[in-house]
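Right, I'll just put the structure down here and ask away after.
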Amino acid sequence: MTVAYAEHGSIATLTLDNPPVNALSVAVRQGLRDGLRRALAEPTVAAIIVMGKGRNFIAGADIREFGRPPQPPRLVEVIAEIEASAKPVIAAIDGVALGGGLEVALGCHFRIGTPRAQLGLPEVKIGIIPGAGGVERLPRLIGIEPALKMMVSGDPVRAAKAKELGILDAIVEGDLAAEARAFAERVLAEKRPIRRLGQMPIPGADGDWRQLIEAQRKLASKQNRGQISPQKVIDCVANAITLPFDQAVAETIRVINELIPSEQAKALRYAFFAEREAGKVPDIEAGTAPRPLRGAAVIGAGTMGAGIAMCFADAGIPVRILESSAEALEKGLARIGKLYDEMVQKGRIGAAEREKRLGLIAKAAGYEALGEADIVIEAAFEEMAVKRDVFAKLDAACKRDAVLASNTSYLDINEIAAATRRPESVIGLHFFSPANVMKLLEIVRGKATGKDVVATAQALAKMLGKVGVVCGVCHGFVANRSRGAMTREANFLVDEGALPHEVDRVLYEFGMPMGPFAVADLAGIDVGWRVRRSFDATRRKDERYSPTADRLYELGRYGQKTGKGWYRYEPGSRTPLPDPEVEAVILKSSKDQGITRRAIGEDEILARCLYAAVNEGAKILEEGVALRASDIDVMWLYGFGFPRWRGGPMYWADTVGLGKVYDGVQRFHREQGTFWTPAPLLRRLAESGGSFTAG
C-alpha cells in the first residue's frame, strides 16, 4: 500500500509509503486521491493530515516517468482536489518536500515541518519547470520576488527560512505525527479559515512587478547562461500574475510538455542520474563499513591545505594543520580567517558560526600530534620526493586504522603508498581549487587500497558536501588527464594562428565558465609549468610540444597573481584583457617552431578542444581508469564547469554523433599526428552505431 489511511479521533492521516524517497508515482497519486476522498466521505473526520513515512515527505515526481505518456490521475488534478477540500488539510513535512512534493504541500491549507525539513522547487535543474501549480501558488503564498528566487535557482530552503518566508506555519519538535494531530486540533478549535492559495491574490501584483521579472531574467542569464528552463519559469510566473489561475496553470503545463522532450532536459536528466550512479562502485558492497571519521589532520597550510581544512570545519569535524614552518602555518590560518570574514560580510554565515568553525581548526606542533587523527590529508608540494617523505612520517606517527590520503592532482598513488607499511590505508583525495568551494572530490584508488578505505572516502565526500567519484591511477587521473588534452590543443591552436582570447571566447560561448587560458591565469602559469616539468623525463623527443606557456613563465607572467599571464589585469581586477606583449611572444614562438600561422575558424577551435577531450576520455575508459563514461562527465560538470545542460563531454559527443566525432579525430590524426591516434573504443562505438552513455 503506497498510501496508508488511519484515523485518530476526528483526524485522518494519509501516510505516503513509497521508498526510498516517497516519489509521486502513479500509485502514490492514486492512493493520495483515494485516501482524500475516503476522509472527505467519513462524517466523523474533521481534518486531514498528509505526511510521508520514513525520513522524507515527498522528494518529487517519479523522474523515470518523464517522457512516457502521462497516466491518470495527474498530479495537478490530485492537488486541485486537496485544495478544494471542505475539511482542513495539513501537510506535515519531515526531510525533503521537493518539486511535486512541495506542490502537494502548497495545495494543502496549512504546512508544518520539522527542523530538518527542506522545501524547494528544483525542476529547473532537470530542464523543466514546476508543472502542478507550484509556479502559480508559491508567489501567492510568499510574494513574487522570493518565489522567483526559489524557482529560478531551484535551491531548497531549510525549515527556519521556510518559516521566515511563510511557507511553513510552524516548526515542530518531537513526534511529527503527534505534533501534526495537535496542530490540526488547534486549527479546528480556533476555527482557522481554510486558505486555498489558488483563490488568493498575488501580493504585489498591482505594483511594478515587471521590474522584478526583468531583474531576475538578467540574473538568470548570467548564472544559468545558455539554459532555457530558468527563463521559462520566469515566463510562467509572469503568466501567474496576469492570467486567471486555471489559465496560467494550463499555460505552464503546455510549456512543461515542450520542455520534457527537449535536448537540454534530456541532458540535465542524464546528469541527474549520472551523479547518483557515480556513488556506486561495483566491488564495494553496500555493507562495506567505512572507518570512523571523528577527527582529521591536514599537512600543508597553503591555498589547498587551508581550503581542505575549511571543508572539515564547515562539516563540524575537528581538524589539525601541520606546516613545515611556524610562519607558513600562521599565514595559512590568517588566510582561513580572512575567508571566513568574507563569508560573514556576504551574509553566508553569522559571526557565531565563524567562531565555531575557527574553533574546530587547531595547530599541530609536529607529526606526533597527528596520532589520533582518523584521516590525514597531505596537501604538500607536488613533487614525488616530498610526498614520499611525508607519507613515511605519517606511517610512523599515525594510528594503524588511520586513512592516509594525498591531495595530489597527478602523481602516482601507488608509488606514494609504497613509502608506507600500510598501502591498503592510502588513497588519493584530489580536491579542486578552491577546495572549500568546488564540489568535486576525485577519489583515486591505488592497487592496494582497501575496500573499506574507498568506502570511507565516499562517506567523507558526503560529509563534506562533495560529489565523490572513484577512479584508478594514471598520470593526471581522469579529470586532469582528459582536460589536459583540451588544454594541449588550445595551446597548439594558439601556436598555429589563433589568439588566446579567440579560443577562450569559443569555449565560453559553448557554455564553459572560462576558457583554458583564463583558467591558466587563475590557477597560475607557474603551476602549469611545474606540471609540464613532471612529464619531461617521459616525454618522447619527437613529440610535439608548445613552449609558449614556458616563455610566459620565464617572463614572470604567472597569471592573476602577478597581474599578467596570458592576459593582463588592471590592479584589483580579475577581468582578462588581451595583451600585445603576449601576442608578440606567441608570434615569435610560432616562428621559432617553424609554424606558418593561419586563420583558424571557430568550428575548428571547438572541435579540436572538445574532440581531444572525448578521445582521451575513451582511452581512459578502455584502460579501466574510469568506471563509466558518466563518471567522466560528472567530473567535468563539477570540476570544470562544463555546461550541465549539455550533459558532459562524453554525453555531448553522443549527441553530436560518435561517427562524426570519430571522423573528426581521424582527420586531426592525419593533420596533427600521434596525439590524435583514435581511441579503439571510440572507433568501435562509431562503427557499430553505439554510444558512451546509452543503457
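Search the stretch 535-559 for residues that are free of Cβ contacts under 8 Å to residues at least 12 places away in the same chain and within 24 Å of CYS474 (Cα to Cα) and pair each with any residue that is assigned to a helix (DSSP H, G or I) and of a type in the set (Ser, Thr, Tyr) when their beta-carbon atoms are under 8 Å apart and the residues are at least 6 apart or on different chains.
none
Report the residue count in the stretch 1-42 for those that are surrounded by 15 or more Cβ atoms within 10 Å (Cβ to Cβ) and among the small types (Gly, Ala, Ser).
Counting residues in the stretch 1-42 that are surrounded by 15 or more Cβ atoms within 10 Å (Cβ to Cβ) and among the small types (Gly, Ala, Ser) gives 7.
Could you list all residues from the stretch 239-250 that are surrounded by fewer than 16 Cβ atoms within 10 Å (Cβ to Cβ) and of a type outside the set (Val, Ile, Thr)? Break it down into steps so the answer makes sense when it comes.
Here is the first cut: in the stretch 239-250, the ones surrounded by fewer than 16 Cβ atoms within 10 Å (Cβ to Cβ) are 242, 244, 246-247, 250.
Selection gives PRO244, ASP246, GLN247, ALA250.
Considering only the stretch 216-227, I want to know if a residue exists there that is among the aliphatic types (A, V, I, L, M) and without any contact (Cβ under 8 Å) to a residue 24 or more places away in the chain.
Within the stretch 216-227, the first condition is being among the aliphatic types (A, V, I, L, M), and the residues that meet it are 219-220.
Keeping just the survivors that are without any contact (Cβ under 8 Å) to a residue 24 or more places away in the chain gives none.
No, because not a single residue in the stretch 216-227 is among the aliphatic types (A, V, I, L, M) and without any contact (Cβ under 8 Å) to a residue 24 or more places away in the chain.
Just to be sure I understand the filter: pairs with C-beta atoms under 6 Å, separated by 6 or more residues or on different chains, first member in the stretch 156-178 and in contact (Cβ under 8 Å) with a residue 60 or more places away in the chain, second member part of a helix (DSSP H, G or I). Which pairs pass?
From residues that are in contact (Cβ under 8 Å) with a residue 60 or more places away in the chain, the pairs are LEU168/ALA162; VAL172/GLU179.
Now, a different point. Looking at ALA132, ALA86, ALA91, can you tell me which residue is assigned by TED's automatic domain parsing to the domain that holds LYS163, buried (at least 20 other Cβ atoms within 10 Å of the Cβ) and assigned to a loop (DSSP other than H, G, I, E, B)? Talk me through it step by step, then tell me what you get.
Values: ALA86 fails: buried (at least 20 other Cβ atoms within 10 Å of the Cβ); ALA91 fails: assigned to a loop (DSSP other than H, G, I, E, B).
Every option except ALA132 fails the conditions.
Hey, which of the helices (runs of 4 or more DSSP H) in the stretch 605-679, taking only ones fully inside, have at least 2 residues that are under 19 Å from the mean Cα position of the chain (by Cα)?
On the way: elements: 629-639, 649-656, 658-672.
The qualifying helices (runs of 4 or more DSSP H) are 629-639, 649-656.
Among residues belonging to the stretch 522-558 that are in a loop (DSSP other than H, G, I, E, B) and among the aromatic types (Phe, Trp, Tyr), point out the one that is surrounded by the fewest Cβ atoms within 10 Å (Cβ to Cβ).
At the first step, the residues of the stretch 522-558 found to be in a loop (DSSP other than H, G, I, E, B) are 524, 534-547, 555-558.
Checking which are among the aromatic types (Phe, Trp, Tyr) leaves us with 535, 545, 558.
Numbers: PHE535: 14, TYR545: 16, TYR558: 21.
Restricting to residues being in a loop (DSSP other than H, G, I, E, B) and among the aromatic types (Phe, Trp, Tyr), the top hit is PHE535.
Ok, one more. Please go through (1) touching a helix residue (DSSP H, G or I) at 6+ places or on another chain (Cβ under 6 Å); (2) assigned to a helix (DSSP H, G or I); (3) of a type outside the set (Val, Ile, Thr) for ASP389 and return the number of the only condition it doesn't satisfy.
Exception for ASP389: condition (1).
Let me ask something additional. Quick one: THR449 ticks every box in (1) crowded, with 22+ Cβ neighbours inside 10 Å; (2) in contact with a helix residue (DSSP H, G or I) (Cβ under 9 Å, 6 or more places away or on another chain); (3) in contact (Cβ under 8 Å) with a residue 60 or more places away in the chain bar one, so which box is it?
Status for THR449: all satisfied but (3).
Residues of the stretch 60-74 being buried (at least 23 other Cβ atoms within 10 Å of the Cβ) and hydrophobic (A, V, I, L, M, F, W, C), which ones? Even if it seems obvious, please write down each step before you answer.
Of all residues in the stretch 60-74, those buried (at least 23 other Cβ atoms within 10 Å of the Cβ) come to 60-61.
The one that is buried (at least 23 other Cβ atoms within 10 Å of the Cβ) and hydrophobic (A, V, I, L, M, F, W, C): ALA61.
Give the stretch 392-425 a look and list any residue that's more than 20 Å from LYS451 (Cα to Cα) and assigned to a helix (DSSP H, G or I), or say none.
Hits for the stretch 392-425 are ALA392, LYS393, LEU394, ALA396, ALA397.
For the stretch 273-308, give me the residue count where each residue is outside any loop (DSSP other than H, G, I, E, B) and hydrophobic (A, V, I, L, M, F, W, C).
Residues of the stretch 273-308 outside any loop (DSSP other than H, G, I, E, B): 273-277, 296-299, 303-308.
From the residues that got through so far, the ones that are hydrophobic (A, V, I, L, M, F, W, C) too are 273-274, 296-299, 304, 306, 308.
Within the stretch 273-308, residues that are outside any loop (DSSP other than H, G, I, E, B) and hydrophobic (A, V, I, L, M, F, W, C) number 9.
Under 6 Å by Cβ, and 6 or more places apart or on different chains, what pairs join a residue from the stretch 325-345 that is farther than 12 Å from MET310 by Cβ and of a type in the set (Val, Ile, Thr) with one that is surrounded by 14 or more Cβ atoms within 10 Å (Cβ to Cβ) and modelled with pLDDT under 95?
none
Within the stretch 414-435, track down each residue that is small (Gly, Ala, Ser) and under 27 Å from MET310 (Cβ atoms). Lay out the reasoning, then the answer.
First, pick out the residues of the stretch 414-435 that are small (Gly, Ala, Ser): 417-419, 425, 428, 433, 435.
Answer for the stretch 414-435, where residues must be small (Gly, Ala, Ser) and under 27 Å from MET310 (Cβ atoms): ALA417, SER425, GLY428, SER433, ALA435.
Six or more apart or on different chains, Cβ atoms under 9 Å: show the pairs whose first residue is in the stretch 667-695 and on the phi > 0 side of the Ramachandran plot and whose second is among the acidic types (Asp, Glu).
Filtered contacts from the stretch 667-695: GLY673/GLU543.
Also: Inspect all residues belonging to the stretch 235-242 and state whether any of them is among the hydroxyl-bearing types (Ser, Thr, Tyr) and not in a helix (DSSP H, G or I).
The answer is no; no qualifying residue exists.
Same structure again: Within the stretch 106-127, restricting attention to residues that are hydrophobic (A, V, I, L, M, F, W, C) and in contact (Cβ under 8 Å) with a residue 60 or more places away in the chain, which residue is nearest to CYS236 (Cα to Cα)?
Applying the first criterion (hydrophobic (A, V, I, L, M, F, W, C)) to the stretch 106-127 yields 106, 108, 110, 112, 117, 119, 121, 124, 126.
Pick out the ones that are also in contact (Cβ under 8 Å) with a residue 60 or more places away in the chain and you get 106, 110, 112, 117, 124, 126.
Values: LEU106: 17, PHE110: 25, ILE112: 27, ALA117: 27, VAL124: 12, ILE126: 17 Å.
Going through the qualifying residues, I end up with VAL124.
Also: When the residues of the stretch 559-573 are filtered to those that are of a type in the set (D, E, K, R) and touching a Leu at 6+ places or on another chain (Cβ under 8 Å), which remaining residue is surrounded by the fewest Cβ atoms within 10 Å (Cβ to Cβ)?
Just the residues of the stretch 559-573 that are of a type in the set (D, E, K, R), to begin with: 561, 564, 568, 570.
From what's left, touching a Leu at 6+ places or on another chain (Cβ under 8 Å): 568, 570.
On the way: ARG568: 19, GLU570: 9.
The residue in question is GLU570.
Looking at GLY647, GLY657, which one is buried (at least 22 other Cβ atoms within 10 Å of the Cβ) and modelled with pLDDT of 95 or more?
Values: GLY657 fails: buried (at least 22 other Cβ atoms within 10 Å of the Cβ).
Only one candidate qualifies: GLY647.
Anything in the stretch 459-507 that is closer than 24 Å to ALA274 by Cα, of a type outside the set (A, V, I, L, M, F, W, C) and part of a helix (DSSP H, G or I)? List them, or say none.
Scanning the stretch 459-507 gives LYS462, ASN480, ARG481, SER482, ARG483, GLY484.
Within the stretch 386-412, track down each residue that is under 34 Å from the mean Cα position of the chain (by Cα) and among the hydrophobic types (A, V, I, L, M, F, W, C).
VAL386, VAL390, PHE391, LEU394, CYS398, ALA402, VAL403, LEU404, ALA405, LEU411
For the stretch 329-340, which positions are exposed (fewer than 14 other Cβ atoms within 10 Å of the Cβ) and among the aliphatic types (A, V, I, L, M)?
Answer for the stretch 329-340, where residues must be exposed (fewer than 14 other Cβ atoms within 10 Å of the Cβ) and among the aliphatic types (A, V, I, L, M): just ALA334.
The values are calculated or read from the model by the stated rules, or taken from the named source; none is laboratory data. Worth saying up front: this structure is predicted, and the values here are computed from it rather than measured. Glycine also receives a Cβ, built like all others from the backbone with ideal geometry; neighbour counts cover every protein chain displayed.
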